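Visitor: Before anything else, here's the structure in question.
The values are calculated or read from the model by the stated rules, or taken from the named source; none is laboratory data. Computed from a prediction, not measured in an experiment: that's the story for all the values here. All Cβ positions, glycine included, derive from the backbone under ideal geometry; neighbour counts span all protein chains shown. We work out accessible area using only protein heavy atoms, side chains counted, and drop any ligands, DNA or RNA first. Shrake-Rupley method; radii C 1.70, N 1.55, O 1.52, S 1.80 Å.
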Amino acid sequence: MLPERANTVLEDFTEHRTPAALNTLYAGYGKTDFLRDLHSVRIQQMPGKAYAYSSAGSQLTAHILERVHPGGYESLLRGFFGDAAAMDGVRIVLGDAEAPRLAVGYHSDNPVPTTPMPELPWGASGNVKATVPDMVNYLRWQLANGPGVKESHRPLARFDDTFSVG
């Protein structure tokens, strides 16, 4: 994860303090910070040998997409989901009128609501928001199981007979 300090925070993901610690870590963490930190990454093993989750790949992919497609990552995301799944309320950044309508989230078994995660550099990991009608459209799109959906469900990392990641 970038910044690398996030890995320490996430060592015990279910801790009640984790969301607040991540919020503090990512507050003010922007694109320049991400690209600087990316230059300091040293791959310790052969790629593909061991699975490890990281949001850095989705952030880097959003950066590349932004460089290739005009209009920014959020615009590209909204266009894709609007066309593919008839979702017109997808957002990364909420406006002042939209922010109070964001559903309350909870972390792990903590009964205390968490604050929304701060926006990551491109918003490509954990920052996408959608309306309830859009989520119904998303479910319909997933259940239709078209070629793109099938490909997104193809396991890339298999942990056991009951758990894999596409």
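Visitor: In what order, largest first, do Phe159, Phe81, Phe13 sit by accessible area if the probe radius is 1.4 Å?
Guide: Phe13, Phe159, Phe81
Visitor: Next question, about the same structure. Assuming R0 = 45 Å, what is the FRET efficiency of Glu151 and Arg5, from their Cβ-Cβ distance, to the nearest 0.05?
Guide: On the way: r = 34 Å, r/R0 = 0.76.
It comes to 0.85.
Visitor: Which Cα, out of Ala124, Ile64, Thr162, lies furthest along the positive dipole direction of the chain (beta carbon charges, K/R +1, D/E -1)?
Guide: Working it through, the farthest residue towards the positive pole turns out to be Ile64.
Visitor: Full-extension gain between Thr32 and Arg67, please, as 0.36 nm times their residue separation minus the C-alpha to C-alpha distance.
Guide: Details: separation 35, 0.36 × 35 = 12.60 nm, distance 1.46 nm.
Difference between extended and current length: 11.1 nm.
Visitor: Provide Tyr73, Tyr26, Tyr106, Tyr138 ordered by accessible surface of protein heavy atoms (probe 1.4 Å), highest first. If you can, show how the numbers build up before the last one.
Guide: Values: Tyr73 30, Tyr26 10, Tyr106 135, Tyr138 70 Å².
Listed by decreasing accessible area, they come as Tyr106, Tyr138, Tyr73, Tyr26.
Visitor: On the full set of protein chains, 1.4 Å probe, figure out the accessible area of Met135 and give it in Å² to the nearest 10.
Guide: It works out to around 90 Å².
Visitor: At a 1.4 Å probe, what is the % contribution of carbon and sulfur to the accessible area of the range 1-124? Intermediate results must be reported in sequence, preceding the final value.
Guide: Numbers: 4640 of 8130 Å².
Heavy-atom surface of the range 1-124 belonging to carbon and sulfur, 1.4 Å probe: 57 percent.
Visitor: Only one of the listed values, (1) 0.93; (2) 1.08; (3) 0.96, was derived from the coordinates as Rg/Rh (Cα atoms, Kirkwood Rh); which label is it?
Guide: For Rg/Rh (Cα atoms, Kirkwood Rh), the calculated option is (3).
Visitor: Do you know the relative contact order of the range 1-108, to the nearest whole percent, from alpha carbon pairs under 8 angstrom that are 6+ apart? Kindly include the intermediate steps, with their values, before the conclusion.
Guide: On the way: 47 pairs, mean separation 30.2, N = 108.
28 percent.
Visitor: How large is ³J(HN,Hα) for each residue in the range 93-101, as worked out from phi by the Karplus curve 6.51 cos²θ - 1.76 cosθ + 1.60 (θ = phi - 60°), to whole Hz, x for Gly and Pro?
Guide: 9, 8, x, 4, 6, 7, 3, x, 8
Visitor: Just read off the accessible area of Val132 with the full protein assembly in place, 1.4 Å probe, to the nearest 10 Å².
Guide: Probe radius 1.4 Å; accessible area of Val132 about 110 Å².
Visitor: Kindly report, to the nearest 10 Å², the accessible surface of Glu119 as traced by a 1.4 Å probe over protein heavy atoms only.
Guide: Rounded to the nearest 10, that gives 90 Å².
Visitor: Hey, can you grab everything whose amide H is under 5 Å from the amide H of Gly89? Only 5+ residues off in sequence or another chain; H modelled, so Pro and N-termini drop out.
Guide: Thr131
Visitor: Now, a different point. Quick check for you: with a 1.4 Å probe and neighbouring chains kept, what is the accessible area per residue of the range 70-118, in Å²? All intermediate terms of the calculation are to be shown ahead of the outcome.
Guide: Details: 3170 Å² over 49 residues.
Per residue, the range 70-118 has an accessible area of 65 Å².
Visitor: May I pose another question? Rounded to the nearest 500 deg cm²/dmol, what is the calculated helix-only ellipticity per residue at 222 nm for the chain, with -39500 (n - 2.57) per DSSP H run of length n ≥ 4?
Guide: Numbers: 7 runs with 69 residues, N = 166.
Helices in the chain give a 222 nm mean residue ellipticity of -12000 deg cm²/dmol.
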